[in-house]
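First comes the structure, then the notes that go with it.
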Amino acid sequence: MPSMVFSMLAALSVEEGHRVLEIGTGTGWNAALLSHRLGAANVVTVEVDETSAREARARLGAAGYAPLVVVGDGAEGFPGGAPYDRVIATCSVGSLPRPWIAQTKPGGVIVAPWGPVYGGEAVVRLTVAGDGSASGRFVGSSAFMRLRAQRTERTHVREYLGGRKWPADGVRGTTRLSPDAVGDWHVMFAIGVQVPGAYPWMEAYDDGSYTLWLRDTAVTSWATVDYEPGRGEFEVYQSGPRKLWAEVSAAYHWWDARGRPGFERFGLTVDAADGEHVWLDEPGRPVPVVRS
């Protein structure tokens, strides 16, 4: 998607003489653009798939560029070429790999798609500090394949029901918050940051109704919310130690009470002391984690 490529390169803000590490070579097009701008000797690109790397290397060569194309785990970066002035990822992460920070010069910039397990994702632009931390704002929506080292298997709903038919041991309730209200990409991001280790799935029906399933990655809790067009109240079932619809509802209302912020009001800080946290408007205002 050219608009996404160029918006991320704009956020990277490279200058003459910069050395750049790219995570995710893909077709090689992004590496070619960087090579044209900075000279191929200043570009290192890492690709986990050997076939993709070989084909990208051939395309780059045919176009007259010869950046260093490395076959390896992008989560590890490439220490052999460090330190870098800029790091850019063309795959998404849910936790920023620390080697990317360690291999970036103080004052350097990391641009990467970041998103919680729940869904919703945006490109973050981080500036690396001398103490090994990195912090910055999200600059726009994105939807990339996950870094292979961070991909997870999603357990089927039957495992949550323990072999029983729905609603199994689910406790019935109702809600006036429509499942439709929590489905947009930026809302999912705000919810996902507050409700870690949970993810949704929609089971659609021919009449326009659907069931929103919520599940936790620990396979201990689930919830369903049944949407029917024209209804003002919706049936809910929840099971397990986490009341997932209650958590999602609380996260939604937190977001709503703060003016329904878009991606541009959120930021991310990664440091050794406090780990990784998302904030709203300024680093001193971390987004809370909801627990039921």
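All of the numbers you see were taken from the coordinates with simple rules; none came from a lab. None of these values were measured; they are calculated from a predicted model. Quick reminder, even Gly has a Cβ in these numbers, built from the backbone with ideal geometry, and neighbours come from all protein chains shown.
Remarks
- FRET E, pair Ala218, Trp185, Förster distance 41 Å, beta-carbon r, rounded to 0.05: 0.95
- When you filter the trypsin sites (Lys or Arg not before Pro) in the range 97-203 for DSSP loop state and at most 16 other Cβ atoms inside 10 Å of their Cβ, you are left with Arg151, Arg154, Arg164, Lys165, Arg176.
- Of the GluC sites (Glu not before Pro) found in the range 1-85, those that fall in a DSSP loop while having at most 16 other beta-carbon atoms within 10 Å are Glu15, Glu16.
- Ordering of 106-115, 31-40 by packing [mean C-beta count within 10 Å, highest first]: 106-115, 31-40
- Given R0 = 45 Å, the distance between the Cβ atoms of Leu161 and Ser133 translates into a calculated FRET efficiency of 0.55.
- Trypsin sites (Lys or Arg not before Pro) within the range 178-248, DSSP loop, no more than 13 other Cβ atoms inside 10 Å: Arg231
- Where the Cα pairs of the range 157-257 fall when distances are cut into 5 Å bins, in %: 2, 13, 25, 26, 21, 10, 3, 0
- Acute angle (nearest 10 degrees) that the helix 244-257 long axis makes with the longest principal axis of the chain, alpha-carbon atoms: 70
- In degrees, nearest ten, helix 185-194 long axis to first principal axis of the chain (Cα): 80
- Rounded Å value of the spacing that divides the Cα centres of the range 249-277 and the range 209-226: 23
- Unit charges on C-beta of K, R, D, E only; dipole of the range 157-257, Debye: 420
- Label separation (Asp73 vs Ser13): 3.3 nm, computed from points 7 Å beyond Cα along the C-beta direction.
- Long-range amide H partners of Ser221 with built H, under 5 Å: Asp216
- FRET efficiency, 1/(1 + (r/R0)^6) with R0 51 Å, evaluated for Ser178 and Ala102 via beta carbons: 0.70
- 0 to 90° range, to nearest 10: angle between helix 50-62 axis and the chain longest Cα axis: 40
- Restricting the calculation to Cα atoms, every distinct pair contributes to the Kirkwood radius of the chain, found to be 20.6 Å.
- Potential lengthening between Glu235 and Ala58 on full extension [0.36 nm per residue; Cα-Cα distance subtracted]: 58.1 nm
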